[in-house]
Amino acid sequence: MPHDCEFLADHLADGQVSLDTDDRDGHAGDWGTPENERVRPDAVCWPESTEEVSAVLAAANERGIPVTPYAAGTGLEGNALPAFEGISMDCTRMDGVLDVRPEDFQIDVEPGVMGSAVNDAVDDHDLFLPPLPQSADISTVGGMVANDASGAKTVKYGEVSDWVLGLEAVLADGTVIETGSRAVKTSSGYNLTDLIVGSEGTLAVVTRVTVELARQPKQARGGRAVFEDLDSAAEAIAATMQAGVDVATIELIDPLSTKIANAYSGTDLPNAPTVFLEFHANHHIEAEIDACHEIFDEHGAERFEMAAGDAMDELWEARRNLANAMLAYDPPRRPAKPGDITVPISHFPEIVRYAKARGDEHGLDVTTFGHAGDGNVHYNVLVDPNDEAELAAGREISDAVVQRAIELGGTSTGEHGVGRGKREYMVAEHGEGSVETMRAIKRALDPQDTLNPGKIFPETADGERLRVE
């Protein structure tokens, strides 16, 4: 049943509310939502202040109308899809850099700020925000906080949650809260910041983020290494991490991925397993590079090349473009489901082998690539979306890989979040007791289940909401 959203005009100005079909269609899903699964919201709104967010949430909550926070729409698990229609709350107009405090290594921003804009704002102070994902140019800080995103440099610097000091956020009933502080540590009370980070907009809408920054390294080198076979490359990465080599980024792409990258970027990578590397240091960077080179040689690296500056960027070009390259390669084949499992580093070679073997069993190509240094494997099962048998096989392969990652002590999602796509694995990964504790928190903060309903919890796959009766 459509929801009556005419009340939005009482709280927002002209141009901040739309019932237009095109606007609603534009907010019916995110980047990873298949066309046949998109859900058109009843209305779209663009708040421009915390006060407006609060007013809309309070009014929607009184009426039991769902509100789904929306940012750049770059998610891959349907996190921003308005599963129960209602209101899509687009926060991209809240895009201000509010305060830069270089002496404290901190910045305050609104949720609609693009990740790359944070680095632009502090570049003159020789600072940067290390955990930004590969999509930092097109994704917002609010979205990164909602999904607890991470990126290529996570192996050295950690994920977004490690850099968030505090938040301003609005609860489902319109209550505005502040979490954390400007101090870099605290033992005071419940850690509400960490509770909201990664909650995918199901507990609150973030309206301000305070993040810690890092000093730009004085030395940076990047490059790549080529291996004869995938097992050797994966084993070399695990050995490098186990040896404690101080690497900022270590990424692996398989031979098929290099072929796809070459076709898209016009590069000339050999169609062989390739490891992309980056090192950051203030002193003695060559010692870390030499230690890595030695380990790679022990595992049969056929080529090891490093560079700095623009030359380093050229070496990395193919890896940066890989996500778009997957879509452009061999149409109509597309990834069946986005995969972003993470396992303990000792199991990294095993999970790569496992993913490839499952694809071979079904005669389907499975690409494996990703942030290998922290055990994160992105995999894609390439299928014809018009072939039901291939689609079913693709889902079966993806399910098997996720289940195996959990069995190995890993997680179903390293950085994309649960959204709608990973709900079925929550109990297997966390246990029923932990998932019920999550439900209890959700019900306590959002008893009407108006904030981004239909996400995270397995039972919502059947169309239920977590209302308190």
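Every number in this text was worked out from the coordinates using simple rules, so none of it is lab data. This one's a predicted model, so the numbers in the text were calculated from it and none came from an experiment. As a convention, Cβ positions derive from the backbone with ideal geometry for all residues, glycine included, and neighbour counts pool all protein chains shown.
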The range 217-327, Rg to Rh (Cα coordinates; Rh as Kirkwood inverse mean 1/r)
0.96
All lysines inside 18 Å of residue 259 as judged from Cα atoms, apart from same-chain residues fewer than 8 positions distant:
356
Pop out the ³J(HN,Hα) list for the range 278-295 in order, Karplus 6.51 cos²θ - 1.76 cosθ + 1.60 with θ = phi - 60°, rounded to Hz; leave Gly and Pro as x.
8, 10, 10, 6, 9, 8, 6, 5, 5, 5, 5, 5, 5, 5, 5, 4, 4, 5
Percentage of interatomic Cα-Cα distances in the range 97-215 larger than 18 Å:
46
Compute the distance in nm between two label points, each set 7 Å from the Cα along the Cα-to-Cβ direction, one at residue 263 and one at residue 10.
5.6
Going by amide H atoms built from the backbone, whose H comes under 5 Å of the H on residue 370, apart from near neighbours?
252, 378
Over all distinct alpha-carbon pairs, what is the Kirkwood Rh of the range 263-329 in angstrom?
13.7
Cα-centred dipole magnitude for the range 217-327, charges only on beta-carbon of K, R (+1) and D, E (-1), debye, nearest 20
440
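What dipole magnitude, in Debye to the nearest 20, does the range 267-412 give about its Cα centre under +1 on Lys/Arg Cβ and -1 on Asp/Glu Cβ? The partial results should precede the final answer.
Values: 11 positive and 28 negative charges, 125 e Å.
Here the size comes out at about 600 debye.
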Local charge sum around residue 219 (other residues, Cβ-Cβ under 10 Å, Lys/Arg +1, Asp/Glu -1)?
0
From the residues 438, 198, 226, which one has its Cα farthest along the dipole of the chain in the positive direction, the dipole being from +1 and -1 charges on Cβ of Lys/Arg and Asp/Glu about the Cα centre?
438
So what's the gap between the Cα centers of the range 128-198 and the range 430-469, to the nearest angstrom?
22
Residue 339's amide H: which non-local residues (gap 5+, or another chain) put their own amide H closer than 5 Å, with H modeled 1.01 Å from N in plane and none for Pro or chain starts?
379
Taking Cα atoms, how many degrees apart are the long axis of helix 230-242 and the longest axis of the chain, rounded to 10 and kept between 0 and 90?
80
For every helix of n ≥ 4 consecutive DSSP H residues, a contribution of -39,500 (n - 2.57) applies; sum these over the chain, divide by its total residues, and give [θ] at 222 nm rounded to the nearest 500 deg cm²/dmol.
-9500 deg cm²/dmol
If every Lys and Arg gets +1 and every Asp and Glu gets -1 at its Cβ, then about the Cα centre the chain yields a dipole, in debye to the nearest 20, of 560
Could you state the angle between the C-alpha long axis of helix 50-63 and the longest principal axis of the C-alpha atoms of the chain, as a value from 0 to 90 degrees rounded to the nearest 10?
60
Cβ density ranking, 10 Å radius, fewest first, applied to 277, 8, 327, 391 yields 327, 391, 8, 277
Column: log10 I(q)/I(0), Debye, Cα scatterers of the range 169-209, q = 0.15 Å⁻¹:
-0.36
Of the candidates 70, 34, 54, the farthest towards the positive dipole end of the range 6-90 (Lys/Arg Cβ +1, Asp/Glu Cβ -1, centred on the Cα centre) is 34
I'd like the Karplus ³J(HN,Hα) series for the range 349-354: coefficients 6.51, -1.76, 1.60, θ = phi - 60°, whole numbers in Hz, and an x wherever there's a Gly or Pro.
x, 5, 6, 5, 4, 4
Need the C-alpha centroid separation for the range 334-359 versus the range 222-254, integer Å.
16
Taking only the alpha-carbon positions of the range 6-90 and ignoring solvent, what does the Debye formula give for the base-10 log of I(q)/I(0) at q = 0.24 Å⁻¹?
-1.16
Pair residue 283, residue 357: separation of 7 Å Cα→Cβ label points (nm)
4.7
Taking the chain as the reference, fit the longest principal axis to its C-alpha atoms, fit the long axis of helix 432-445 to the helix C-alpha atoms, and give the angle between the two in degrees, 0 to 90, nearest 10.
40
